[in-house]
1. Using a basic spin-label model with each label point 7 Å from the Cα along Cα→Cβ, how many nm lie between Arg102 and Arg21?
2. Please list, by residue number, everything in segment 160-181 whose backbone N is under 15 Å from a paramagnetic label point 7 Å out along Cα→Cβ of Arg126.
3. By how many nm would the segment from Asn66 to Asp198 lengthen if fully extended, with 0.36 nm per residue of separation less the alpha-carbon distance?
4. For the modelled label position 7 Å from the Cα of Lys176 along Cα-to-Cβ, which residues of segment 110-146 have backbone nitrogen atoms closer than 12 Å?
5. Beyond 22 Å between alpha-carbons counts as too far, so tell me which of Lys137/Lys222; Lys25/Lys137; Lys137/Lys176; Lys176/Lys224 fall in that bin.
6. Say each of Tyr249 and Arg156 gets a label point 7 Å from the Cα, pointing the same way as Cα to Cβ; how far apart are those two points in nm?
7. Roughly speaking, what is the stretch gain from Glu54 to Asp168, that is 0.36 nm per residue apart minus the C-alpha to C-alpha distance, in nm to one decimal?
8. May I ask you to list the aspartates and glutamates whose Cα is less than 20 Å away from that of Lys272, ignoring any residue fewer than eight positions away on the same chain?
Amino acid sequence: MKNIFQIAHISDPHLSRQHYREHIKSFKMLLRSMLNEGADHIIISGDIVSTADEDDYYLAREILSNHQLLESSKLTIVPGNHDIFGGPHRAIDVFSFPQHIRSIDYTRHTELFQNAFAETFQGVTRLNETSLFPFIKIVGPFNIIGLNSIPPWSFRQNPLGTNGMLDDQQIDALEKLTSLGILADRTNIIVVHHHFNDLLQSDYDGGKLWTKIESNTMRMKKRKKIVRLFQSLNVRYVLHGHIHRNEIYNRSGILFANGAGAVCDDPVRFLKYNVLTYLDGYCNVKIRQLPIPYQISTVTQALHRNHQPLRIPVFAMKPME
Ligand SMILES: [Fe+2]
């Protein structure tokens, strides 16, 4: 009998009662498709809601509950910047948001997020006493390591709340893990909101001012150091979001999969999710697309920012040496 385990990954569904109502329908479609395709576990790597509004958390809870997914064994979620700070949603908000974000209580919103999805953190191993992150969750043949890459607001370091960082506590906890060697028996997956690649050259074409601002305010700080740390932990996969596109890329022998084009690609032409399949000791990652409106297929292609369909190779790796 074959030994198979499938993880489906999406990011940035940006659920909101006020804005992007179509995302609610798209999110439900994605969940149904992932479950129908045989996902054993689903990962959402942040920005599950768009405005950090308590009611939107409960909207997300209700949808997940209706799909029998509010369980630790079935679902892993980490926070994105929109889950903590929200963000500008209308053109006029671009001017008021930098002021508004100063009044947001980071600790309260972090707790709100953790309480809203408390069931999904049950049974995880916490690596430090004062924070939920990082945590380790064992599902099937995988260790899932959940991180919080959302730092508090700071005028210099994080003026719009969109930059990424791992605090010292999380770095220390991960460094201690390397010496303990407890991750050696399974395939290790990091789940984190922020990306580790650069914006595409085409993103800069035309000298778009907003794109330049975006590239300076959406960075993951110290990402080279963090990738080295991931290497020392024998991490094989990093599942993330934040920049709204789906793509798979390799950095230093680790496979990174971005799932943030799930409902938000620009323009939205497909719904998308990543599938990580473990089969008889080997893993591969694919991007799946669902044409809109509402007809399901499983084409392993992805759109880049320039909207040209690209061939996405299937990456195969042995989970352990
Ligand atoms: Fe984000």
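1. Each label point lies 7 Å from its Cα, and together they span 3.6 nm.
2. 169-170, 173
3. 43.8 nm
4. Hits in segment 110-146 for Lys176 at 12 Å: 126-131, 134.
5. Lys137/Lys222; Lys25/Lys137
6. According to this spin-label approximation, the distance is 2.8 nm.
7. Value of the extension gain: 38.2 nm.
8. Cα-Cα hits under 20 Å: Asp12, Glu22, Glu37, Asp40, Asp47, Glu247.
Every number here is computed from the coordinates shown, using simple stated rules; none is lab data. Note that the structure is a prediction, hence the values are computed from the model and not measured. Don't worry about glycine lacking a Cβ; one is built from the backbone with ideal geometry, like all the others, and counts go over all protein chains shown.
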